[in-house]
Amino acid sequence: MHILVIDDERAVREILADACRQAGYSVDEARNCTEAASKLVRGDVDLALCDIKMPDGNGVDLMRSIKESGVETNFIMVTAFASMESAVEALRLGASDYVTKPFNVEEMLHRVQQIAALRGLREENRVLRKFAKVDSDKFRFTSPSMAAVERLAGKVAPTDSTVLITGESGTGKGVLARLIHDQSRRSEHLFLPVNCSAIPETLMEAEFFGHTKGAFTGADKARKGLFLQADLGTLFLDEVGELPMLMQTKLLHAIEEKEIRAVGSEQSRRVDCRIVAATNRDLSQMVKEGTFREDLFFRLSMFHIHIPPLRERKEDIRSLIRFILDRARDQRNAASCMTVSDDVERLLVGYPWPGNVRQMENVINRACILAEDSCITLDDLPPEIARTGSRIQAHGTSIASQRSLRDQLREFEASVIHRMLDETGGDRRTAAQKLGIGLSSLYRKLDEFEAFGIHRSDSGNPPSTRDPNFEQGF
């Protein structure tokens, strides 16, 4: 918290300023109303300890004008017994508190701490409403690789070490970052996630470090940056590999010095937030290419955790399916949970999931909307996933043990139609007549076969279900 001590008596200013600095606050001083106004108007002062009677004006009038300008600064008025009526007026106009001269320094610091705590709660609530998505559900991994990841997270969580989490998009880097925060001594404070790739480059410095009122065009009021919002908590920098070089330099300074300065401010502020970063890019390669600072890479990767892709930990998939279904039930306030048919479960376990857990969650939530009778079938899955079910036979598993009756009938029907097209030389009208169906029905069935990846075989044998692109995914 940044404090401005306003008093025309030098001894009083120095006593208060020194006490606040020793208590860990950032402090500035002003000798009169004019000097104080020039510093307050920037909007980066959290608390003003303001004398009421000064040679060039009245502290109450100063407070009134500052609040009317939209600057959100708390005031503790310092008054003599003779100006008690002014102190009461100041409280009516919005002052947080007042103390009388001569004052006790310890009592003053106690009141400062109360206001600091109140401001912190208000700021945290505001940021939580905007950024934080609290999810009390905890998923327990069963794969050895994720058990190792959880063990590493548990080891580093109680420390203040920076952590770099790497892995493909959708693997759950944000979930792991929150887990580290929840197990740390900072868990009672804010976990603030920020997507570095979503911030325009021209606004990055102001977003991270804040800005004063009037610092640039459009800065109509002072704003705290992400570092100050996450003070005492955890700042999660997602997609950190997208930061431009200039911002990498400023970020490195903030991490190493634990100090930031808002755009337009002359006052540096101490901050104490833990940094957890994540990326799906190869930062070591970016260092070699000169697009990422080596010293920042070493600082962030002090403790490195890599999350393997979902296709490499299939032991987790069945548990994930049930976890996502349970959460979908809670979100729908449904009495019972959706189930999946056996063939769908086998298909989901065998699918390579290029989008990892995020893709699986989207697929299952979509299927829950489409499913009938509280059971997800192949028809409820997206075509690009459902069609892979017909390829399972290509890997040596019998159709009868893996495919539903509906899918086996569809493949048999495709085989008959494709053979008839071979016999008629591709003449669809003649083929439709011999099959005893309408031409439009034939076209509709061919489109359906294409959607499920059932293609015509050039050899005249049953249609091939092999797809090199699919096989390459395993």
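The values are calculated or read from the model by the stated rules, or taken from the named source; none is laboratory data. Since we're looking at a predicted model, the values are computed, not measured. Only protein heavy atoms, including side chains, enter the accessible area calculation; ligands, DNA and RNA are left aside. Shrake-Rupley method; radii C 1.70, N 1.55, O 1.52, S 1.80 Å.
Structure above, values below:
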{"item": "Accessible area, probe 1.4 Å, largest first, for residues 428, 261", "result": "261, 428"}
{"item": "Cα gyration tensor category, rounded, prolate or oblate, for the range 166-300 with a/c compared to 1.5", "result": "oblate"}
{"item": "Probe 1.4 Å, all protein chains present, accessible-area order of 29, 201, 450, largest first", "result": "201, 450, 29"}
{"item": "Relative contact order computed over the chain (Cα-Cα under 8 Å; 6+ residues apart), in percent", "result": "11"}
{"item": "Candidate residues 345, 361: accessible-area rank, largest first, probe 1.4 Å", "result": "361, 345"}
{"item": "Normalised alpha carbon radius of gyration of the range 1-87 [divisor 2.2 N^0.38 Å]", "result": "1.00"}
{"item": "Beta bridges per DSSP with both ends in the chain, % antiparallel, nearest 5", "result": "15"}
{"item": "Value of Rg to Rh for the chain (Rh from inverse mean 1/r over Cα pairs, i.e. Kirkwood)", "result": "1.18"}
{"item": "Alpha-carbon centroid distance for the pair the range 290-304 / the range 268-283, whole angstrom", "result": "11"}
{"item": "Solvent-accessible surface (1.4 angstrom probe) belonging to residue 65, in square angstrom, nearest 10", "result": "60"}
